[in-house]
Amino acid sequence: MKKIVLTSFALVGLLISTSCGNNKKEAEKVEVEKEQVTPTETESTEKETSESSTIVAIAAANENFTTLVAAVKAADLVETLNSAGPFTVFAPLNDAFGKLPEGTLDGLLKPESKETLTSILTYHVVSGEFKAADVVKAINDNNGSFVITTVQGGNLTASLDGDSVILTDSKGNKSKVVLTDVDASNGVIHAIDTVVMP
């Protein structure tokens, strides 16, 4: 009888210790799972923060760029301009689009004009981040004018008129930089007063 009782206690003890061991392992497993989830959540938060300060997000938050943002969406360039970059964007203000001949903008926003619109918009984008001081230095270092190659593949010529940077497009039209160095997480924006054309 004593042997049976002792054996029973031994079995109960074994079950309790096994159970405790399993609980401990479960707790460790949950802790490991928590550790694995945390970096993903952090990365997600960083991504959201990064995307909330991209060139597109900053332009979308500024009422002076509503036409530009509508054009970027129509050309399906949101994802591109939200990417890592960095980019320098010479961003036309709403008034700049208003200077286009009547009906031009409406025509460009139509689905069948997507290729032309994309060409025009990417003509305003330069690969790399160039602050106003960099642009002015490049102009001064190159005898008063500096040729900029755009993402579209065409060239813009930057020059100075007093303290203002002037962009001359391939057709000879001029645009003045009216606001500089608007920082974004993936580059910089300079506002211009006229749409430049490739």
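Quick look at the numbers
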{"read-out": "Local electrostatic count at Val196 - Lys and Arg +1, Asp and Glu -1, tallied over other residues with Cβ under 12 Å", "value": "+2"}
{"read-out": "Local electrostatic count, Val89, Cβ distance below 13 Å [Lys/Arg +1, Asp/Glu -1]", "value": "-2"}
{"read-out": "From phi via Karplus (6.51, -1.76, 1.60), per-residue ³J(HN,Hα) for the stretch 73-82 in Hz, x at Gly/Pro", "value": "5, 5, 8, 6, 9, 4, 4, 4, 7, 9"}
{"read-out": "Cα-derived Rg to Rh of the stretch 55-192, Kirkwood definition", "value": "0.94"}
{"read-out": "Cut-off under 5 Å, modelled amide H: who pairs with Ala91 long-range", "value": "His190, Ala191, Ile192"}
{"read-out": "Pairs beyond 21 Å (Cα-Cα), from Lys114/Lys174; Lys99/Lys131; Lys73/Lys176; Lys110/Lys176; Lys131/Lys176", "value": "Lys114/Lys174; Lys99/Lys131; Lys73/Lys176; Lys110/Lys176"}
{"read-out": "Neighbourhood net charge (13 Å Cβ-Cβ; Lys/Arg +1, Asp/Glu -1) for Val182", "value": "-2"}
{"read-out": "P(r) weight above 22 Å for the stretch 113-197, C-alpha pairs, percent", "value": "20"}
{"read-out": "Euclidean distance of C-alpha centroids, the stretch 68-115 and the stretch 132-146, integer Å", "value": "27"}
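Readers should treat all values here as calculations from the given coordinates under stated rules, not as data from a laboratory. Every value quoted in this text rests on a predicted model; they were computed, and no experiment measured them. Cβ atoms come from the backbone with ideal geometry, glycine included; neighbour counts cover every protein chain shown.
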